[in-house]
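Participant: Take a look at this one; I'll ask things after.
The values are calculated or read from the model by the stated rules, or taken from the named source; none is laboratory data. From a predicted model like this one, the values you see are computed outputs, not experimental measurements. Cβ placement follows ideal geometry from the backbone for every residue including glycine, while neighbour counts extend to all protein chains displayed. Just so you know, the surface numbers come from the protein's heavy atoms only, side chains and all, with ligands and any DNA or RNA stripped out. Shrake-Rupley method; radii C 1.70, N 1.55, O 1.52, S 1.80 Å.
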Amino acid sequence: MNVQSHSIYRIVAILSLLCLVIVQFQLIYNTFELENNQYYLKEKDIIHENYSALIRNDKLYPGAQKIIDSHIIPNMDLYKKLYFSDRTAYERRLAEDWRKMIHELRLHQNMDSIFPAIVRQFNLNKELKYGLYIEHLSLSFDGRHYVPVFRPNVPGIQPSHPNGDIIAGTLERTDKQNSVSVYTVSAYTPNSYQITFALYVDQDNRTLQIFKAMLPTFLLAIFSILMVVGIYFITYRNWMRQKKLTAMTSDFINSISHEFNTPIATILVANQSLKDTISNSENIKALDLIAVIKRQTIRLKKLINQSLMISRLSRINLDKRKYYLPSVLMEILEDYSLKLDANVSIIPEIEGDINDIEMNKVLFTTMIYNLLDNGIKYNLSDKKIINIRVYPKEGNIHLEIQDNGVGIDLKSLKHIFKKFFRGKQRVEEGGLGLGLFYVQQVVNLHGWELAVESVIDKGTKFTIKINGKR
């Protein structure tokens, strides 16, 4: 793995973690907003019931209606006259009377004693705060149409608060969640008025209370993020260790490959020289021993090369090119046939139009060799036959290699592609159990599919499905 790919993986990991944190934050925020919008004090019902009873025949608080009427009713004729003749004078006089009324309402309010009494009587939360507001006031000169004295964002008298003018209490944050009582009272008679007033109750630490309710969710989110960060860290550390180990293994394999092949080549040369010196003698036993040395040395070289090839396979940068499969296959069979005995027959069969495919020719050739070696080695027939069939099917190319060997039992069939696995049907010379593992790895590297069918004493068929569009 080069430095560039390493950096890409690290960036992808960091971006994935950031995405997770953002998603978690968004979920927590949405949960908070949901809790805030659904926030409901259990004390609201008690306060609403008692407050409503106190003002059943009044407004705002006990005695407030008398104050409001004293400032509005006596001046209704004047308001009517000014409204239709001089709007500027009307608004100026109305604003002056409004300020006087609000001042007197605040001066004589008794909610500062009524509200704490309700809290004490019903043992409510002592941290509750309230706000009593006049939210709307309109005058009616004919009993049918109302003229607003003030409303938020409407020209005229501007209230001291977005909800209107506060009469009593210290609660400034008002919304539908902390609204306890809202009343609109009107007479629908000439020279009357319509008034809307509301009582709000809440806690100063409302946000903190919501966070406390969300604490399990919040802690779970933090825990999950920490767990993911921990997993990322452990994975990254193990990845770096594996990378370092892979580099060390690669260096070791390159070194040991040279160290193994040098003495083996020397043994083969010395063995050939020894054979040449006694080839004309009658020392049959010595010739037999020389043949054994050569055969076992070649076998040792083959096993070592196979082991080293498997070790390198997972690190191969797969260099694929387009090839015409029948041509490559016939070339492989032509070379392989040079070492075949007379009792071995390989029968190729090409069907239909075969498209060019992308593959690594070296790996493909070795894979075919391994399958052919198995078909011959695990075969006790007098006449060993291997059928190779290539044909198109459903947009793919199928390559079948079928022998008439000893077959593979059902139990072993599940494990034959595992590294170092050797089944019960062992014949002739043993191996390391790497041949079919190599076949599976090459198939995986190319993105192909591999299937196997086998019948004891009748043979085995390997089918490789190659994507013809690659």
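Participant: Going through the stretch 185-204 one residue at a time, which ones are hydrophobic (A, V, I, L, M, F, W, C) and either open to solvent by 20 Å² or more (accessible area, probe 1.4 Å) or in a loop (DSSP other than H, G, I, E, B) (or both)? Let's see the steps before the verdict.
Facilitator: Taking the stretch 185-204 first, the residues hydrophobic (A, V, I, L, M, F, W, C) are 185, 187, 195, 197-199, 201.
Within the stretch 185-204, Val185, Ala187 qualify.
Participant: Please name all residue pairs, on different chains or six or more residues apart, with Cβ atoms under 8 Å, provided the first residue is in the stretch 341-357 and is β-branched (Val, Ile, Thr) and the second residue is open to solvent by 50 Å² or more (accessible area, probe 1.4 Å) and assigned to a loop (DSSP other than H, G, I, E, B).
Facilitator: Note: pairs meeting the criteria are Ile354/Tyr324; Ile357/Arg470.
Participant: Does any residue of the stretch 106-125 turn out to be at pLDDT 90 or above, polar (S, T, N, Q) and touching a strand residue (DSSP E or B) at 6+ places or on another chain (Cβ under 9 Å)?
Facilitator: yes
Participant: Does the stretch 73-104 hold any residues that are under 24 Å from Ser181 (Cα atoms) and surrounded by 13 or more Cβ atoms within 10 Å (Cβ to Cβ), and which are they? Working first, answer last.
Facilitator: First pass over the stretch 73-104, keeping only residues under 24 Å from Ser181 (Cα atoms): 98, 101-104.
Trp98, Met101, Ile102, Glu104, listed by residue number.
Participant: Of the residues in the stretch 238-272, how many are loosely packed, with under 10 Cβ neighbours inside 10 Å and either at pLDDT 75 or above or not in a helix (DSSP H, G or I) (or both)?
Facilitator: Residues flagged as loosely packed, with under 10 Cβ neighbours inside 10 Å and either at pLDDT 75 or above or not in a helix (DSSP H, G or I) (or both) within the stretch 238-272 amount to 0.
Participant: Which one is nearest to Lys361 (Cα to Cα), of the residues in the stretch 278-324 that are β-branched (Val, Ile, Thr) and either at pLDDT below 60 or open to solvent by 70 Å² or more (accessible area, probe 1.4 Å) (or both)? Full working, then the answer.
Facilitator: Restricting attention to the stretch 278-324, the residues satisfying the condition of being β-branched (Val, Ile, Thr) are 278, 284, 290, 292-293, 297-298, 304, 310, 316.
From the residues that got through so far, the ones that are either at pLDDT below 60 or open to solvent by 70 Å² or more (accessible area, probe 1.4 Å) (or both) too are 284, 293, 298, 316.
Numbers: Ile284: 43, Ile293: 33, Ile298: 24, Ile316: 13 Å.
Among them, the one singled out is Ile316.
Participant: If we keep just the residues of the stretch 134-154 that are more than 18 Å from Asn191 (Cβ to Cβ) and modelled with pLDDT of 85 or more, which is nearest to the chain's Cα centre (by Cα)?
Facilitator: Here is the first cut: in the stretch 134-154, the ones more than 18 Å from Asn191 (Cβ to Cβ) are 134-136, 150-154.
Next, from what is left, pick out any that are modelled with pLDDT of 85 or more: 134-136.
Working: Ile134: 52, Glu135: 50, His136: 52 Å.
My answer is Glu135.
Participant: Ok, one more. Can you find, within the stretch 105-114, the residue that is surrounded by the most Cβ atoms within 10 Å (Cβ to Cβ) among those that are touching a residue at least 60 places away in the same chain (Cβ under 8 Å) and either touching a helix residue (DSSP H, G or I) at 6+ places or on another chain (Cβ under 9 Å) or over 21 Å from Tyr51 (Cβ atoms) (or both)?
Facilitator: Applying the first criterion (touching a residue at least 60 places away in the same chain (Cβ under 8 Å)) to the stretch 105-114 yields 105-106, 114.
Add one more test, that the residue is either touching a helix residue (DSSP H, G or I) at 6+ places or on another chain (Cβ under 9 Å) or over 21 Å from Tyr51 (Cβ atoms) (or both), and what stays is 105, 114.
Working: Leu105: 22, Ile114: 19.
Among those residues, the one meeting the criterion is Leu105.
Participant: Just a yes or no: is a residue in the stretch 34-49 over 53 Å from the mean Cα position of the chain (by Cα) and either free of Cβ contacts under 8 Å to residues at least 40 places away in the same chain or open to solvent by 30 Å² or more (accessible area, probe 1.4 Å) (or both)?
Facilitator: The answer is no; no qualifying residue exists.
Participant: Moving on. Residues of the stretch 71-123 being of a type in the set (Gly, Ala, Ser) and under 60 Å from the mean Cα position of the chain (by Cα), which ones? Break it down stepwise before answering.
Facilitator: So the first thing to find is which residues in the stretch 71-123 are of a type in the set (Gly, Ala, Ser), and the list is 85, 89, 95, 113, 117.
Across the stretch 71-123, the qualifying residues are Ser113, Ala117.
Participant: Criterion first (over 25 Å from Ala342 (Cα atoms), in contact (Cβ under 8 Å) with a residue 12 or more places away in the chain and not acidic (Asp, Glu)) does Asn379 satisfy it?
Facilitator: So Asn379 fails the test.
Residues checked against (1) in contact with a strand residue (DSSP E or B) (Cβ under 6 Å, 6 or more places away or on another chain); (2) modelled with pLDDT under 75; (3) under 30 Å from Val23 (Cβ atoms):
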residue: Val180; (1), (2), (3): yes, no, no
residue: Val185; (1), (2), (3): yes, no, no
residue: Tyr188; (1), (2), (3): no, no, no
residue: Asn191; (1), (2), (3): no, no, no
residue: Phe197; (1), (2), (3): yes, no, no
residue: Tyr200; (1), (2), (3): yes, no, no
residue: Asp204; (1), (2), (3): no, yes, no
residue: Thr207; (1), (2), (3): no, yes, yes
residue: Met214; (1), (2), (3): no, yes, yes
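Rundown of residues vs (1) crowded, with 21+ Cβ neighbours inside 10 Å; (2) closer than 15 Å to Ser454 by Cα; (3) within 48 Å of the chain's Cα centre (by Cα), yes/no style:
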residue	(1), (2), (3)
Asn370	no, no, yes
Gly375	yes, yes, yes
Leu380	no, no, no
Ile388	yes, no, yes
Pro392	no, no, yes
Gly405	yes, yes, no
Leu410	no, yes, yes
